[in-house]
Amino acid sequence: MRAMRAETFSGYEGLKLIELPKPAVTKAKLLVRITAAGVTPLDHTILSGKFHGSKAPLVLGNEGAGVVEQGGGTDFPVGSRVMFFGTYGAFEDGTDSEWVAVRKEDLCLIPDNVDDVSAAGIPVAYLTAQVALTLAGFRAGKTVLAPAIGGSIGNAVTQLARALGAKHAMSSTTNHAKAEQAKALGFNEVIDTSLEKLGDGVRRITGGYGADIVVDGIGGEVLGEALGVIALEGRLTTLGYSASRKTTIDVTNLIVPQASIRGLNMFAQPKASIGAAWKVIVSLLKSGAIKPIVAKTFPLVEAVDALRYLIEGRPFGRVVLKI
C-alpha cells in the first residue's frame, strides 16, 4: 500500500511516499480503508522533531475517515463509514496511507449527512474542543472565548459553544480578510485584532463581563492577553502552541478573579471522556448545528504541499488529504 512516511524528523524533506505491507487484522484492531486524512499542526511538530515520544520512521496522520474492510463485527460491520482519532501518526503509523489497523474503541460512525472529506477533519478538532469545554464546566449561558477562528480548535470550540447555548461564543483573528470571511459564514462575535486589541473586543462584546471559559490552541502572546479578560472564577485551558510555546502572564489576572489555568493533553484522556464527547458531536452533526469547514484538499502524493499550505498559508478551515 502507498503511505506518506516521515523517514527522518528533519522538516518537509523528511516526508517520502513509500510502499508498505497492508496492516493485518488482530483481536485488538480492525482494518479501515482510508478515504481521507486530516492534516494537523501536530504533523508539522512531529516532522520538525519537536514532539516528545515520536520516533522515525513514522507514517503521519492523527485522524482520518474511511470504510471498515475487515474485522468490524456487529458494531462496525464491513462497509461502515467511520472516523477516528488516537495515537496514530504520533506513536504508531497513522492515516496518511491507504489502510490503517484501528482499535475499535477509537472509531465513530460517520453520520449520513457528513461526507468523508469533512469527516476526516472532525475528530481532533471537535473532540478536543468538546473535552476542553466539559472539563472547564461549560453549560448554557456561559461566555466562551477561543482565539483563531480560522484554526481547527478555535473554530470547533466556537461552533460547539454556540450550538450548546453559550451566551457569547467569541473568537479572533489577526487577519482582516479572515474576519470578513468569518462574518460571511455566520460567526458574528469574531474580534479583528488588526483593528482592536483582543481584550478590548471581549469587553465590548460582553459589556465588560469577560470570558467564563477560554480555550487557547495557539499559545504565545494570545494566551497572556486572553487571561487578561477572564471573568470571575473563570477557567483558561491551554492545549496548543502553534504561535509559541512561551508566554508571559500577569499573575494578578489569575489572583484577582480567582481564575484557574490548566493544560489539556488529548492522548491522556480516558476513553469514557472521548465517548461522551463523540455523543455530543454526532448529535450536533446530525442536526446541522455544527458543520466542519474544509479549506482545501490535496491528493496523498502532495502531502508535503498540504502540510506547507496549512502551516504557511494559514487557511480558514481544515486541510485534508484525499487517499
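The values are calculated or read from the model by the stated rules, or taken from the named source; none is laboratory data. Note that the structure is a prediction, hence the values are computed from the model and not measured. When we count neighbours, we look across all protein chains shown, and the Cβ atoms used for this are built from the backbone with ideal geometry, even at glycine. Heads up: the accessible areas ignore ligands, DNA and RNA and are worked out on the full protein's heavy atoms, side chains in. Shrake-Rupley method; radii C 1.70, N 1.55, O 1.52, S 1.80 Å.
Annotations
- Area accessible to solvent at Arg33, 1.4 Å probe radius, in Å²: 90
- Electrostatic tally near Leu185: other residues with Cβ closer than 14 Å to its Cβ, Lys and Arg +1, Asp and Glu -1, net +3.
- Taking a straight Cα-Cα cut-off under 14 Å and skipping sequence neighbours fewer than 8 places away in the same chain, the aspartates and glutamates within cross-link reach of Lys291 are Asp112, Asp115, Asp116.
- Dimensionless Rg/Rh of the chain - Kirkwood Rh, Rg from C-alpha atoms: 0.97
- Each peptide in 51-63, 204-216 gets a packing score, the mean of other Cβ atoms within 10 Å over its residues, and the list from highest to lowest is 204-216, 51-63.
- Compared with the direct C-alpha span, the chain from Lys279 to Lys16 gains 91.0 nm at full extension, assuming 0.36 nm per residue.
- Computed over the stretch 127-227: relative contact order in percent, which uses C-alpha pairs under 8 Å that are six or more apart: 30
- Over the stretch 1-90, the reciprocal of the mean inverse Cα-Cα separation, the Kirkwood hydrodynamic radius, stands at 14.0 Å.
- Computed FRET value (nearest 0.05) for Asp200 with Glu312, which takes r as the C-beta separation and R₀ as 30 Å: 0.55
- Gyration tensor (alpha-carbon) shape descriptor, the stretch 121-248, a/c threshold 1.5: rounded
- Interchain or long-range residues, amide H under 5 Å from Leu145's placed H: Met170, Ile213, Val214, Val215
- Computed over protein heavy atoms with a 1.4 Å probe, the carbon and sulfur contribution to the accessible area of the chain reaches 53%.
- In the complete set of protein chains, residue-level accessible area for Met4 is approximately 10 Å², probe 1.4 angstrom.
- Each of Glu105 and Gln269 was given a label point 7 Å from its Cα along the Cα-to-Cβ line. The distance between the two points is 1.5 nm.
- Positive minus negative residues near Leu30 (Lys, Arg vs Asp, Glu; Cβ under 14 Å): +3
- Kirkwood hydrodynamic radius (C-alpha pairs) into Stokes-Einstein, the stretch 190-316, 37 °C and 0.692 mPa s, D in µm²/s: 190
- In the stretch 107-163, Rg over Rh equals 0.99, where Rg is the alpha-carbon radius of gyration and Rh the Kirkwood radius from pairwise Cα distances.
- Between Gln70 and Thr87, full extension at 0.36 nm per residue minus the direct alpha carbon distance yields a gain of 4.1 nm.
- For the stretch 176-242: rounded, prolate or oblate by the Cα gyration tensor [a/c cutoff 1.5]: oblate
- Net length gained if the chain between Phe51 and Thr134 were fully extended (0.36 nm per residue, minus Cα distance): 27.3 nm
- Length-normalised contact order for the chain - Cα pairs under 8 Å, 6+ apart - percent: 18
- Proximal charge balance of Ser118 [Cβ under 11 Å; K/R count +1, D/E count -1]: 0
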